[in-house]
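Student: Encoded as structure tokens, here's the structure I'll be asking about.
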Amino acid sequence: MEKGTYGYLGQRKKKQLRMALLWGVLVVILALIGLMIWGTKLNLLMVPAMLCVIPFANYLVSYVALASYRSGAPEQYAALRAFEEAGMLLADLVLVDEKGERASMDFAVVYQGGIAGYQSEKKDTRDRITITVNDLMKRRGIPMRIKVYRDWEEFLQRITEMNAPADDASLKKVKRARDALISVCL
């Protein structure tokens, strides 16, 4: 599943947890086999066991970083399917700014004139998202700005006023903005 599609966060968390468990079990098995064969922790199998700790830690940290984030409600996603078919919808976004701080958006609709985002997260990080995305678009030379909504009805009203990209230039602009936005997401 690609970054920016609905359900991505759940699937990515499951994969990261499975891989962390797999590597963790491998570390334990190698250490136990070495301990049983040689009777000491100073044995040949401890080297690969310790090297397997690196991918274990990498997958575990990735899982922990995403653990608190959730996908938007299925009913909300169903209301936005038309935007997905038009190539304008992004979902399950966890943005990382230059300082490494994370902020999530349930949905973002990219259109010719800008980006409208919806955030249901309890912690209000709209300012951080706005600064991060607007700076990103400016650096990439994409003349777009973002507005993040916390009220679902207000967000729906705004996006129903948007027009789908009509010509090739508009399509390219929307695609560039989508790719740029996805590039700063976990």
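Student: Of all residues being of a type outside the set (D, E, K, R) and modelled with pLDDT of 90 or more in segment 156-173, which is surrounded by the most Cβ atoms within 10 Å (Cβ to Cβ)? Just the residue, please.
Tutor: Among those that are of a type outside the set (D, E, K, R) and modelled with pLDDT of 90 or more, it is I159.
Student: What are the pairs, 6+ residues apart or on separate chains, where a residue within segment 1-13 that is among the hydrophobic types (A, V, I, L, M, F, W, C) has its Cβ under 6 Å from a residue that is open to solvent by 40 Å² or more (accessible area, probe 1.4 Å) and not in a helix (DSSP H, G or I)?
Tutor: Matching pairs, first to second residue: L9/S71.
Student: Picking from Y63, Y69, Y111, Y8, which residue would you name as being of a type in the set (S, T, Y) and either open to solvent by 70 Å² or more (accessible area, probe 1.4 Å) or more than 13 Å from the chain's Cα centre (by Cα) (or both)?
Tutor: Y111
Student: Consider only pairs whose beta carbons are under 8 Å apart and that are at least six residues apart or on different chains; among these, list those whose first residue lies in segment 14-38 and is at pLDDT 95 or above and of a type in the set (S, T, N, Q) and whose second residue is crowded, with 17+ Cβ neighbours inside 10 Å and in a helix (DSSP H, G or I).
Tutor: Here the result reads Q16/Y59; Q16/L60; Q16/S62; Q16/Y63; Q16/L66, each pair linking segment 14-38 to a residue that is crowded, with 17+ Cβ neighbours inside 10 Å and in a helix (DSSP H, G or I).
Student: If I ask for residues that are among the polar types (S, T, N, Q) and at pLDDT below 95, which ones from segment 39-75 would you list?
Tutor: T40, N43, S62, S68, S71
Student: Scan segment 130-155 residue by residue and report those that are closer than 14 Å to Y111 by Cβ, open to solvent by 20 Å² or more (accessible area, probe 1.4 Å) and assigned to a helix (DSSP H, G or I).
Tutor: none
Student: Those residues that are outside any helix (DSSP H, G or I) and touching a Phe, Trp or Tyr at 6+ places or on another chain (Cβ under 9 Å), I need them from segment 1-31; list them, please.
Tutor: M1, E2, Y6, G7
Student: Which of the residues that make up segment 58-89 are out of contact with any helix residue (DSSP H, G or I) (no Cβ under 6 Å at 6 or more places or on another chain) and aliphatic (A, V, I, L, M)?
Tutor: Listed by number, the residues that qualify are V61, V64, A65, A67, A73, A78, A79, L80, A82, A86, M88.
Student: Separate question: Which members of segment 55-76 meet the condition of being over 23 Å from T130 (Cβ atoms) and assigned to a helix (DSSP H, G or I)?
Tutor: If the condition is that a residue be over 23 Å from T130 (Cβ atoms) and assigned to a helix (DSSP H, G or I), then P55, F56, A57, N58, Y59, L60, V61, S62, Y63, V64, P74, E75 are the ones that fit.
Student: Further question: Can you pull out every residue in segment 80-98 that is loosely packed, with under 14 Cβ neighbours inside 10 Å and part of a helix (DSSP H, G or I)?
Tutor: R81, A82, E85 - these are the residues of segment 80-98 that are loosely packed, with under 14 Cβ neighbours inside 10 Å and part of a helix (DSSP H, G or I).
Student: Here is a follow-up. Could you list all residues from segment 39-59 that are surrounded by 11 or more Cβ atoms within 10 Å (Cβ to Cβ) and polar (S, T, N, Q)?
Tutor: N43, N58
The values are calculated or read from the model by the stated rules, or taken from the named source; none is laboratory data. Everything numeric here is computed off the predicted structure, so don't read it as measured data. Please note: Cβ atoms are built from the backbone with ideal geometry, for glycine as well, and neighbour counts cover all protein chains shown. Accessible surface areas use protein heavy atoms only, side chains included; no ligands, DNA or RNA. Shrake-Rupley method; radii C 1.70, N 1.55, O 1.52, S 1.80 Å.
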